[in-house]
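These notes are about the structure you will find just below.
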Amino acid sequence: MRDMDEQIVRASDMDNVIELPCAQTRRRALEADDWQRFEGYVGEIFTALGMDLHTPGTRDTPERFLRALFDATAGYDGDPKLLTAFPAESTPGPEALVSQVIEGPISFQSLCEHHALPFYGEAHVGYVPGEEIIGISKLTRLVRLYARRFTVQERLGEQIADGLSGLVAPHGVAVHLSASHLCTQMRGVEAHSRTVTTVWRGSFRDADLRREFLQEVRSHRA
């Protein structure tokens, strides 16, 4: 049995806990008796759906399911490592050219809040630095921070853009997400299409800057 000192989420308490700054942390809490109670509920549901919980392979499945769900929603805990930023390398002035930093593809997995089924895909994040830049690995951390929650793809893109804006105050931010959704592949229309969303902030109002970003995104699919 899992160590009961280990704490997991009470999701109804977390909706408005960790927004900007996204580096803020708060440990999710669930009492040991709540953990056992929820494990029992999961076992009842699995049994009702046809699973035999009395085999060597399934008797611990409710506990494993809850543990996996906890890990998949770790984004609610925040990420203090996102605090690291550095002075921008560009030289300000009228002769300086607008430049952007683009990172991707960044793989992500998330849980759709409508059916609690996974959606997964790739993110590209671009930004035009202001006075600070963020470590390249932190862009991956930012994507996965917001992806590892119950969410929808449209909100995920908005949160990544706003999170990056809050961390280093760039002149502009671009986020491109392309994902497959199991809620449409395993049920309903059973379609195997991909969903693409884009988010623009600040200087990405400029069509040439958006075009440069999207060309870079497309080049990674060649």
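Which one is nearest to the chain's Cα centre (by Cα), of the residues in region 118-169 that are assigned to a loop (DSSP other than H, G, I, E, B) and at pLDDT 95 or above? Across region 118-169, the extreme among qualifying residues is R148. Taken over region 176-198, residues that are aliphatic (A, V, I, L, M), out of contact with any Leu (no Cβ under 8 Å at 6 or more places or on another chain) and at pLDDT 95 or above amount to 1.
Among the residues examined, R221 qualifies as assigned to a loop (DSSP other than H, G, I, E, B) and within 15 Å of G121 (Cβ to Cβ).
Exactly one residue out of L20, L30 is modelled with pLDDT of 65 or more and assigned to a loop (DSSP other than H, G, I, E, B), and it is L30. Yes or no: G104 modelled with pLDDT under 95, among the small types (G, A, S) and assigned to a helix (DSSP H, G or I)? Taking the combined requirement at face value, the residue does not satisfy it. Among the residues of region 156-177, the ones that are within 15 Å of E103 (Cβ to Cβ), touching a Phe, Trp or Tyr at 6+ places or on another chain (Cβ under 7 Å) and open to solvent by 10 Å² or more (accessible area, probe 1.4 Å) come to 1 in all.
Take V196 and decide whether it is touching a residue at least 12 places away in the same chain (Cβ under 8 Å) and open to solvent by 70 Å² or more (accessible area, probe 1.4 Å). Here the answer is yes, as V196 does meet what is asked. Of the residues making up region 202-218, those that are among the acidic types (D, E) and surrounded by 10 or more Cβ atoms within 10 Å (Cβ to Cβ) are D206, E212, E216. In this entry, V152 passes the filter for residues that are more than 18 Å from V101 (Cβ to Cβ) and in contact (Cβ under 8 Å) with a residue 40 or more places away in the chain. Selection of region 122-149 for residues being farther than 21 Å from T195 by Cβ, touching a residue at least 60 places away in the same chain (Cβ under 8 Å) and not aliphatic (A, V, I, L, M) yields only R141. Here P62 passes the criteria (1) in contact (Cβ under 8 Å) with a residue 40 or more places away in the chain; (2) part of a helix (DSSP H, G or I); (3) surrounded by 19 or more Cβ atoms within 10 Å (Cβ to Cβ); (4) in contact with a helix residue (DSSP H, G or I) (Cβ under 6 Å, 6 or more places away or on another chain) except the one numbered (1).
The values are calculated or read from the model by the stated rules, or taken from the named source; none is laboratory data. Just so you know, these numbers come straight off a predicted model, no measurement behind them. Quick reminder, even Gly has a Cβ in these numbers, built from the backbone with ideal geometry, and neighbours come from all protein chains shown. The protein model used for the area step is the full one, side chains on, heavy atoms only, and it has no ligands, DNA or RNA in it. Shrake-Rupley method; radii C 1.70, N 1.55, O 1.52, S 1.80 Å.
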